[in-house]
1. For segment 2-63, what is the accessible area per residue in Å² when the probe is 1.4 Å?
2. Assigning unit charges at the beta carbon (Lys, Arg +1; Asp, Glu -1) and nothing else, what dipole magnitude in debye, to the nearest 20, does the chain show about its Cα centre?
3. What percent does the relative contact order of segment 2-63 come to when contacts are Cα pairs within less than 8 Å and at least six residues apart?
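The values are calculated or read from the model by the stated rules, or taken from the named source; none is laboratory data. What you are looking at is a predicted structure, and each value in this text was computed from that prediction instead of being measured. Reconstructed Cβ throughout: ideal geometry from the backbone, glycine too, with neighbour counts over all protein chains shown. Accessible surface is based on the protein model in full, side chains and every heavy atom, while ligands, DNA and RNA are left aside. Shrake-Rupley method; radii C 1.70, N 1.55, O 1.52, S 1.80 Å.
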Amino acid sequence: MSITTSICIGCSVCINECNYNVLSLSEEKAEVVDRGACNACGKCEDACPTGAINVYTVIDLEDY
Ligand code: SF4
Ligand code: SF4
């Protein structure tokens with residue numbers, strides 16, 4: 001999972017969508033605080049208005 005903080009507007013939509021407390025807001029940017037709790041459901045990515053979240057990234061695929 002990756003979050004492109006440069007296009008994150010700090011709306012918290014992703015945090016509210018996640019049922020597993022994976023994400024948090026820090027200095028008005030979303031960040032991953034518990035990667036291990038993520039089940040890759042994709043709700044955060046789907047809900048993000050700016051497309052800042054990419055649940056599957058090439059670098060992270062081996063995590064799932
Ligand atoms: S993919 Fe699902 S479980 Fe993982 S951070 Fe997003 S909403 Fe939470
Ligand atoms: S939904 Fe997108 S823009 Fe909003 S806080 Fe999360 S990553 Fe940032």
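1. Details: 3920 Å² over 62 residues.
It amounts to 63 Å² per residue over segment 2-63.
2. On the way: 3 positive and 10 negative charges, 21 e Å.
Approximately 100 debye in magnitude.
3. Numbers: 86 pairs, mean separation 23.0, N = 62.
Relative contact order comes out at 37 percent.
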